[in-house]
Amino acid sequence: MKISIARGLLLILVCALPCGAEKALGNVGTISFTLTASWTFPSPEEPALLLVADTKRGLSESSQGASVNARFRVTEIQQPVDPKEYETARFTSMSKQQSLRIDWETMAIPAPDVSDRSTLLNLARASWDAYHPMPEASAKWYPLEGFNWSVPFGWNPGGDGLKGHLFLSPDNATGLIVFKGTTLSEWPIPSDSKNSTSRRDRINNNLLFSCCCATVPWRIELGHPCDCNAGGNKCQSSCLSNALHDDSTYYTSAENVVKHFRESYPHTSFWLTGHSLGGSIASLIGQRFGYPTVTFEAPPERLAATRLHLLVPPPAPTLPTAQVPLRPWYDVAHITHMYNNADPIAQGNCTGVLSPCAQAGYAVESKCRVGRNIVYDVLKKGWDWGFLSHRIASVISLLEEDLPVPEAVVQDQCEDCTSWEYGDFPDSFWHKLWKAIRRHLSRGGEREAH
């Protein structure tokens, strides 16, 4: 069936179960993932350089290695028949604002059972460990038994760029890619050390989650991720899309990471996870490749998905449309976000010039999500509203309690950046002058940081 779309979803997966009854929808089982590789894009000056350390060399011969256990449920996911056709449709949408017709097919694959608390807990622990790559030097790692950490790990904690881990099932049929989230430097972040990812983390946060290039005037020394503001509340749409596709962005790096592992493991289907910024990157990549994704306290990413022109398959109700309304395009069932109602970042409430996010140089202004949401009501448990509820440690503490997992539901009606006007606007003379001054000051801040 041919259909006309404005958004779509790419998926190339190989079933991780034997063909037959095990592939029946709803069937459940358990996968044990072993830590296989640690990866990083080390420098914005070398955005195409991916460093991968094969941690299997560090495993003792009698050990199964560092592992993450997760329960799966066989789920249907739609994929485009032709990946090249998908890419053509996506970039035609971005460059010409036109929709192309592509074919989709439905696949039955194992996906994380997001109704299972232990699965969420183990994925959250893997997300925690992505922040702490050298467990032999830190008690902060959750114990992953059987790993010989005396062997060089290859993950340089002083390096800049996107980082994470790769886990694989024993038969390599299913993989788990974990994306590291934001690293914060000293509050209120006057400048950043060259040995931290925090500056690039902040730039990518502001690029993905701000309405227009994160204009925070009193923190101008921190730099801006793009220069698309046309004056007032007008913003250049094509400029924003181009900025998100720049080779130095985390989204592009993450695409390259996944493409690398797809080439290295051509018969492997992948799951994605991460916390905070790492969770949002995981969700965007999950939409891009059609991989099951679970995020923790991730900033809302629908704004970025729209600007990236990520395509999703058309809604297909099992009953006639007259009886069952079509699902909204952002109801992507294989993307699941877990967060709590005391976290201002995950809820899109850390906004305004007086917010702690703005004071620290962050413009986390997006509110809307793609996928389904598991929201824990922790305010009634006595949690304080604020940044402490955003930490992955808080997520793990919550999941360690014997509480039922809330149902994953689609977000209510939501709109982002309603006070902004987007299009192709000419710059005024005074606004061009302001941009030049801002770029000059930003370069000064970058020299100081490095």
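The values are calculated or read from the model by the stated rules, or taken from the named source; none is laboratory data. Since this is a predicted model, take the numbers as computed values, not measurements. With ideal geometry, Cβ positions are generated from the backbone for all residues, glycine too; neighbour counts draw on all protein chains shown.
Among the residues in the stretch 138-161, are any at pLDDT 85 or above, surrounded by fewer than 17 Cβ atoms within 10 Å (Cβ to Cβ) and out of contact with any Asp or Glu (no Cβ under 7 Å at 6 or more places or on another chain)? No, there is no match, as no residue in the stretch 138-161 is at pLDDT 85 or above, surrounded by fewer than 17 Cβ atoms within 10 Å (Cβ to Cβ) and out of contact with any Asp or Glu (no Cβ under 7 Å at 6 or more places or on another chain).
Rundown of residues vs (1) in contact (Cβ under 8 Å) with a residue 60 or more places away in the chain; (2) within 19 Å of Lys367 (Cβ to Cβ); (3) under 12 Å from the mean Cα position of the chain (by Cα), yes/no style:
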{"residue": "Tyr251", "(1), (2), (3)": "no, no, yes"}
{"residue": "His260", "(1), (2), (3)": "yes, no, no"}
{"residue": "Ser264", "(1), (2), (3)": "no, no, no"}
{"residue": "Leu272", "(1), (2), (3)": "yes, no, yes"}
{"residue": "Gly278", "(1), (2), (3)": "yes, no, yes"}
{"residue": "Arg288", "(1), (2), (3)": "yes, no, yes"}
{"residue": "Glu297", "(1), (2), (3)": "yes, yes, yes"}
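Among residues of the stretch 100-127 that are over 15 Å from Glu76 (Cβ atoms) and touching a residue at least 60 places away in the same chain (Cβ under 8 Å), those with a Cβ under 9 angstrom from a residue that is of a type in the set (Phe, Trp, Tyr) and in a helix (DSSP H, G or I), sequence gap 6+ or separate chain, pair up as Ile102/Tyr86.
Each residue in the stretch 402-422 was checked for being surrounded by 10 or more Cβ atoms within 10 Å (Cβ to Cβ) and either more than 16 Å from Asp227 (Cβ to Cβ) or modelled with pLDDT of 95 or more (or both), and 12 of them qualify.
Can we say Ala298 is in contact with a strand residue (DSSP E or B) (Cβ under 7 Å, 6 or more places away or on another chain), closer than 21 Å to Gly371 by Cα and among the small types (Gly, Ala, Ser)?
Yes: the conditions hold for Ala298.
A search for C-beta distances below 7 Å between a residue of the stretch 83-98 that is within 19 Å of Gly290 (Cα to Cα) and modelled with pLDDT of 85 or more and any residue that is part of a helix (DSSP H, G or I) and among the hydroxyl-bearing types (Ser, Thr, Tyr), counting only pairs 6+ apart in sequence or on different chains, returns nothing.
If a residue must be among the aromatic types (Phe, Trp, Tyr) and surrounded by fewer than 22 Cβ atoms within 10 Å (Cβ to Cβ), how many such residues does the stretch 328-342 contain?
Looking only at that region, the number is 2.
For the stretch 287-315, a residue qualifies if it is out of contact with any Gly (no Cβ under 7 Å at 6 or more places or on another chain), outside any helix (DSSP H, G or I) and within 22 Å of Lys96 (Cβ to Cβ), and the qualifying residues are Leu308, His309, Leu310, Pro314. Being out of contact with any His (no Cβ under 7 Å at 6 or more places or on another chain), at pLDDT below 85 and of a type in the set (Gly, Ala, Ser) is a property that Ala70 lacks. Yes or no: the stretch 237-247 includes at least one residue that is of a type in the set (Gly, Ala, Ser) and within 30 Å of Arg71 (Cα to Cα). Within the stretch 237-247, not a single residue is of a type in the set (Gly, Ala, Ser) and within 30 Å of Arg71 (Cα to Cα). If only residues of the stretch 231-257 that are over 21 Å from Ser93 (Cα atoms), touching a Phe, Trp or Tyr at 6+ places or on another chain (Cβ under 8 Å) and surrounded by fewer than 20 Cβ atoms within 10 Å (Cβ to Cβ) are counted, the one that is modelled with the lowest pLDDT is Gly231. Tell me, yes or no, whether the stretch 164-177 has at least one residue that is among the hydroxyl-bearing types (Ser, Thr, Tyr), under 30 Å from Val81 (Cβ atoms), modelled with pLDDT of 85 or more and assigned to a strand (DSSP E or B). Among the residues of the stretch 164-177, at least one is among the hydroxyl-bearing types (Ser, Thr, Tyr), under 30 Å from Val81 (Cβ atoms), modelled with pLDDT of 85 or more and assigned to a strand (DSSP E or B), which makes the answer yes.
Of everything in the stretch 69-82 that's in contact (Cβ under 8 Å) with a residue 60 or more places away in the chain and among the polar types (S, T, N, Q), which residue is surrounded by the most Cβ atoms within 10 Å (Cβ to Cβ)? Restricting to residues being in contact (Cβ under 8 Å) with a residue 60 or more places away in the chain and among the polar types (S, T, N, Q), the top hit is Gln79.
Go through the stretch 264-286 and give me each residue that's outside any strand (DSSP E or B) and among the polar types (S, T, N, Q).
Across the stretch 264-286, the qualifying residues are Ser264, Thr268, Ser276, Ser280, Ser283.
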